[in-house]
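Structure, as structure tokens:
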Amino acid sequence: MSNHLLDTMRKSADLRKSEIIACALTLADRLGPDRVTTGAVAQAVGVTQAAIFRHFPSKAALWQAIAALVSERLAQAWDAALAQADTPLGRVTALVSAQLAQIEAMPAMPMLLFSRELNVKNAELRAMFRGRLAAFHGHLLVQIRDGQAAGLIRADLAPQDGAVLLTSLVQGLAIRWALGARDFPLAAEGRRLLAAQLALFGVPAEQRGE
């Protein structure tokens, strides 16, 4: 078999995997993660269930591939956010905005965090998402410490507590958005609540963009 044919087959397989993952994410948003079956994914893609298992040997493997995709997109969004701002507060705002943008792009994420698939059935999936949440927390922690060093954030705020509050702001807002039929603009509400939280951190109004 020629190298060209092998490359073509490999690309075709990669495209099919991407299509399966995208369909599974769409179904997770529409039905809820715990109601997604390989049969439903196969029907949505337009292939047999056996074809799904040729690419992913188990449902758990499919979910792990989904988690890997989500993790990659989040990491890329955070890197871009950190690169686009040149102050600690600017980077905090960019990070929170990037996270909310990714939730809007992949609205199944909030429900996935509370799914039986993640919390009971699939330890590897749980570990991957826990790692992403820890990484986001870590980025915020660094920026809070830098903001304190620059005199922009009150010195008596424990940086760990500040990072937890910002992470909780994003997670709570995402859950409210997901459960409330997405009846408010997520990004705008995020900016409003972030400004309120930064005010409580002792950030001057002019630094909050007010």
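Derivation of every value follows stated rules applied to the coordinates shown; laboratory data play no part. Only a predicted model underlies this, so the values are computations on that prediction, with no experimental measurement involved. Here Cβ is always computed from backbone atoms with ideal geometry, including for glycine, and neighbour counts include all displayed protein chains.
The table that follows gives values for the structure above.
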{"read-out": "Region 46-52 - phi-based ³J(HN,Hα) in whole Hz, Karplus 6.51/-1.76/1.60, Gly and Pro as x", "value": "x, 10, 7, 4, 4, 5, 4"}
{"read-out": "Cβ-derived FRET efficiency at R0 30 Å, residue 189 paired with residue 80, nearest 0.05", "value": "0.85"}
{"read-out": "Ordering of 42-48, 193-199 by burial proxy (mean other Cβ atoms within 10 Å per residue, highest first)", "value": "193-199, 42-48"}
{"read-out": "The chain: DSSP helices with Cα axial extent of at least 20 Å and average Kyte-Doolittle hydropathy no lower than 0.0", "value": "59-84, 88-105, 123-149, 159-179, 186-200"}
{"read-out": "Helical mean residue ellipticity (222 nm; -39500 (n - 2.57) per DSSP H run of 4+; nearest 500) of the chain", "value": "-25000 deg cm²/dmol"}
{"read-out": "Label point distance in nm, residue 105-residue 14, each placed 7 Å from Cα along Cα→Cβ", "value": "1.9 nm"}
{"read-out": "For a label point 7 Å along the Cα-to-beta-carbon line of residue 51, residues of region 11-31 with backbone N under 15 Å", "value": "12-24"}
{"read-out": "Mean Cα-pair separation over length for the chain, i.e. relative contact order, pairs under 8 Å, 6 or more apart, %", "value": "19 percent"}
{"read-out": "Relative packing of peptides 181-191, 15-25 - highest average C-beta neighbours within 10 Å first", "value": "15-25, 181-191"}
{"read-out": "Relative contact order, percent, region 43-160 [alpha-carbon distance under 8 Å, six or more residues apart]", "value": "26 percent"}
{"read-out": "Between region 50-99 and region 139-161, the Cα center-to-center distance that results, in Å", "value": "25 Å"}
{"read-out": "Net charge dipole size for the chain [Lys, Arg +1 and Asp, Glu -1 on Cβ; Debye, nearest 20]", "value": "640 debye"}
{"read-out": "The chain: most fluctuating residue of 173, 141, 157 per GNM, C-alpha cutoff 10 Å", "value": "157"}
{"read-out": "Tensor-based shape of region 82-124 (alpha-carbon gyration tensor, a/c under 1.5 rounded, otherwise prolate or oblate)", "value": "prolate"}
